[in-house]
Every structure is written in C-alpha cells, then in structure tokens.
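What follows is a set of notes on a single structure, which appears directly below.
Nothing in this text is a laboratory measurement; each read-out follows from the coordinates by a stated rule. No experiment lies behind these values; they were computed from the predicted model shown. Note that we place each Cβ from the backbone using ideal geometry, even for glycine, and neighbour counts take in every protein chain shown.
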C-alpha cells in the first residue's frame, strides 16, 4: 500500500477539520426513559416559533436542523405534546446551586452535539393544557449551554467592567455572554461596552447579533427624539411624533397584546377629551407590535381619536435613545415644547390620572384647561 506524502496528509487533515467545523446539520439527540409517545417541539425562546418537531420513539429522539438556518446559537425551549394535546415543558438541571439544590431552567442553547438524558416521572398542571415535569433532565456536551448552566458568577448581575471582561476572556466563544451584554448595553457607555465586547472571539463579534450590537453602539449617540422623528400612521403615511406648536406632548408606548395597555385606554380617552381643544396639547400612541394586522385590528376596536403610529424596525433598534424605552409597556412620556422629557411613567395605575392632570396643567398654565378632577 502506497503511503501519501506528508504534505498531502496535512492537506487532507485540514479539509477534514474544516468539514467538521462547518457541519451541514445541527444535531440534538435525547434519551428520556419512560417519556410517553408523542411529539417534541423545539421552539425559539424569543418568538415562540417552532423550529422543528420530531416523534418520540421509546423515549429517544433526534433533531437534525439545517446548519444554515442557525447562523448562531440561540436560546430555545423543548416541549412534549401527547396524543391528547397536553404540552409538557421540559426542564433541565444546571450546575448552579441555590439553598443546597441545583437550579433549573427550561431553556438551552441551540447548538450541535447536545445530548439530553433523564427519566420521565409524570407531570403537574400549570394551566389549561400546559404541564411541567416533576423530574428534571440533564443536558451534556454543548459548550455554549455549559457556559450558561455553570455561570456561578451570575454574569447578568455583575456590575464591575473588569469582572465582565475577565469572564468573557475565559469563554470568548460564549453567545450566552453576548446576549446578556446585549440586554445591558443601555447601561454601559461606549468605552465600557467595547472593553468587554472586544474580548470575544472574532466569530462571535462578526455574528449577526455581534455586528448589529456594534453598529448600534457606534451610532446610538446620534439618535434622539426630535421634531424630525417620523413614524408611519394607520394609513402608512409618515407622521411627526412631536409638534413644534405643542407645549406638552403625551407619548404613549403600547401593544395590542398588552392587557394593561388596553385597560389604560379609557383613561387616556378622558385625558384627550379634556385637553384636545387646546392647540398646545399633543397626544400620540406608538405601538411596538410586530404584527401590523394585530395593531390595525386593535386600533379599529379601541377607536382612539388621537394619532396612532407604529414603531419601525429601525426605531425599535434605537428605542432607548428615542423613547427611554426599556422593553416594558405601557409607557407614558411627557415631553415639553422643546422636545425635552419631563416625566416617564411605566405601567398602568388607575390613580395616575391625577398625575397626568398635574403635569399637563403646569405645561399649559397660560392656556385655558379643563381639570380632570
């Protein structure tokens, strides 16, 4: 048998390594003893969209997901659906200890090579047809998941930049750290952010999330709410959020799916009715809905007589800079005639109307107003 020259062997090794690194599929395998027959659903945590589904055979299953549909590891959930349509959420043990017991989570990172094992010991009802597992499962292998499960330093709560930098330096490949950095980026200035961000591997920094995050930080200081800020109205026409002739703006951030937002609308209608006759008063609602159809349906149902605008994808990227938005709705902003934020109120409270009255009245002190009291 003729031996290959050394340089050919090295070239072959490079090809093998390259192919192993860039696999065509992301494979997750599991063996859960006594798991009833049924279907396993792999869902994206952020959107609840089903990524893939497989049948359980004697407690075993395999997910094979095209690698090009997973440009980077992301948080996912796994649930079991039996023949009666009952959904059981799978829960996993982590390496973190609380009060002498391992903590548990219902998420893991979608990555190749994960192995899920354990036993099914029944479920308990959470609500309607959704159940939880009585016994927790184990995830092994995936290094992305292991960083998250063994985060004993509690990365999301660490405040010192030096410690954040040290943690990322230990696991520069971690997308879990990248996502947590993304969540807290609004509390970091640019220098602090890049001190931590630059510790990641190039692959992480050049991932879709990494590029978007870097672009956001580099451009965010130029973004602010002003009289040139426009958003589409219900007729898809651009409309200014602020009015140069207004002395006080009431800007409401809401969503069609938000219960407190919908309960707040009657109160907002009373506010609008009291002040709409004054040209120095401006009210506008801005929806953060992803679905234009859901927003349009809610607007038609609620019949709010003031301007209704929809937040665009770009506006959502800079929502913190534009609207001091921290992902919680409803939010009511009171902005003066110069475009300066006077007051921000988060959530719905039946007693807020008196506060609204006070803020608006002070701003319109030289204008005839009708008291809400």
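See the values below:
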read-out: Residue of 38, 210, 46 that the Gaussian network model of the chain assigns the largest fluctuation, springs spanning Cα pairs under 10 Å; value: 46
read-out: Cα centroid separation - region 322-341 against region 45-66, whole Å; value: 41 Å
read-out: Which of 97, 116 has the fewest Cβ neighbours within 10 Å, and the rest in rising order; value: 97, 116
read-out: Separation of alpha-carbon centers, region 177-211 and region 248-277, rounded to whole Å; value: 36 Å
read-out: For region 230-363: rounded, prolate or oblate by the Cα gyration tensor [a/c cutoff 1.5]; value: rounded
read-out: Region 88-153 and region 292-317: distance between their alpha carbon centers, rounded to Å; value: 38 Å
read-out: Segment residue 345-residue 215, length gained on full extension (0.36 nm per residue, minus Cα span); value: 43.9 nm
read-out: Net lengthening on full extension, residue 327/residue 313 (0.36 nm per residue, minus Cα-Cα); value: 3.6 nm
read-out: Efficiency of FRET from Cβ geometry, residue 70 and residue 130, R₀ 25 Å, rounded to 0.05; value: 0.40
read-out: The chain, relative contact order in percent, only Cα pairs under 8 angstrom and at least six apart counted; value: 11 percent
read-out: Value of [θ]222 nm, deg cm²/dmol, for the chain, DSSP H segments ≥ 4, -39500 (n - 2.57) each, nearest 500; value: -9000 deg cm²/dmol
read-out: Contour minus Cα-Cα distance for residue 358 and residue 194 (0.36 nm per residue); value: 54.8 nm
read-out: Label-point gap, in nm, between residue 141 and residue 48 - each point 7 angstrom along Cα→Cβ; value: 3.0 nm
read-out: Per-pair calculated FRET efficiency, R0 = 45 Å: residue 25 and residue 293 via Cβ, rounded to 0.05; value: 0.85
read-out: Three-way shape call for region 123-268 based on the alpha-carbon gyration tensor, with the a/c threshold at 1.5; value: oblate
